[in-house]
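**Student:** Please find one structure pasted underneath; my questions will follow.
Derivation of every value follows stated rules applied to the coordinates shown; laboratory data play no part. Model, not experiment: these values are computed from the prediction.
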């Protein structure tokens, strides 16, 4: 790491103390783009890096709500409006006890580059609350969502900031949030994505992140004369991303053998296909946030408590759960077991040391800002459908999603190819995403 990069990162840490995930996300981007900036001094003259790591706006607010028993609870709500150079802020809302300012700034920062890579006109943002929907009744979740939106509504809009779902925010939560926004604003607009199909949602949106991840991995494999056909795949998580990735990988001829949750992981040697994939939706809908019931439903499967699936021998690994779920030891296991490719379905699921191990071994590696952009890409398609007051078919949305993921892959190739022929997709994604945002920021002046 050059002295210049070190000094820049030290300044970011000083200004944002304790925000470890944000420091990690900034470090990954800066290490890739600083050499490019040195070759193109106009970005340095405009101080783009200093501006791009600073959110345009941070909103923090109180969220009071009442339980079914009449107890008053208070949570904290956030919205990070990171960058609007290429379009309205766009990014999900996360409801989880781990939510804090640093995690949301990391997610918002990643979102800026992810959205840029889609080539759709979307800026980057993220938000959420430390509220835990697990174990809450529908009425309690509704009251919380209504209280949350009662503050958030004044900061968002179809042409200003368009939130979506994330961990803890599914179709139920988006419905309650949208209903309260509509009541407060007296208007029906595409202000949230991930809506129900009968009130403005898009086909394919629930599975889009997982589909996109597999489409990106498919392009990486094709370039190396490989495919999903006959491959063994390990997936983590069991929510919408893991569900979509499992479904699409299976359709392409692979055998998915793992899913995981906070309680451990499932290994199913027979493969997760057919009704087993549908069962993932039941796990998600149970709101229990555990995967052990899968082994109870399908006795041939094994449940490994408090362990992660990366010890299972696989050809392709798709981490689809949460940040930093693949550490250095996990990465070494994947390499030792002959894994060909690691494609991130979650946001930053691999630690920096894990990425180093994977890239040093010359495995194919796709960073989440590129490979999990399918979700927000389809959200962008939902925004387009809302604006035009029409609905595309499943085939049309899937085709457009596939085209976007192929284009993202090709952009990463353009800027990530190294002298020995290895493609550093991290470098390629960061530079490609940076250029579009940075050029727009320069065009728009010092704002």
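**Student:** Under a 10 Å cutoff between Cα atoms, tell me which one of 135, 200, 125 has the largest fluctuation in the Gaussian network model of the chain.
**Tutor:** Looking only at 135, 200, 125, the largest GNM fluctuation is found for 135.
**Student:** Moving on. What are the extents of the Cα atoms of region 208-371 along their three principal axes, in Å, largest first?
**Tutor:** 39, 29, 26
**Student:** Determine the distance separating the Cα centre of region 289-310 from the Cα centre of region 1-53; give it in Å without decimals.
**Tutor:** 41
**Student:** In a Debye calculation with equal point scatterers on the alpha-carbon sites of region 55-188 and no solvent, what is log10 I(q)/I(0) at q = 0.13 Å⁻¹?
**Tutor:** So the normalised log intensities are -0.50.
**Student:** Now for a different question. I want to verify the translational diffusion coefficient of region 145-244 in µm²/s; compute it with Stokes-Einstein, Rh as the Kirkwood radius over Cα pairs, at 4 °C and 1.567 mPa s. Spell out each step's value before the answer.
**Tutor:** Values: Rh = 15.6 Å.
Here the translational diffusion coefficient equals 83 µm²/s.
**Student:** Same structure again: Name the most mobile residue of 349, 41, 133, meaning the one with the largest mean-square fluctuation, in a Gaussian network model of the chain with Cα contacts below 10 Å.
**Tutor:** Of the options given, 41 has the highest mean-square fluctuation.
**Student:** Given (i) 1.02; (ii) 1.71; (iii) 0.95, which label gives Rg/Rh (Cα atoms, Kirkwood Rh) as computed from the coordinates?
**Tutor:** Evaluating Rg/Rh (Cα atoms, Kirkwood Rh) on these atoms matches (iii).
**Student:** Most mobile of 65, 243, 310 per a Gaussian network model of the chain (Cα springs, under 10 Å)?
**Tutor:** In this elastic network of the chain, the residue with the biggest mean-square fluctuation among 65, 243, 310 is 65.
**Student:** Could you tell me what percent of the DSSP beta bridges with both partners in the chain are antiparallel, to the nearest 5? The partial results should precede the final answer.
**Tutor:** On the way: 27 of 46 bridges.
Of all bridge pairs located within the chain, approximately 60 percent are antiparallel.
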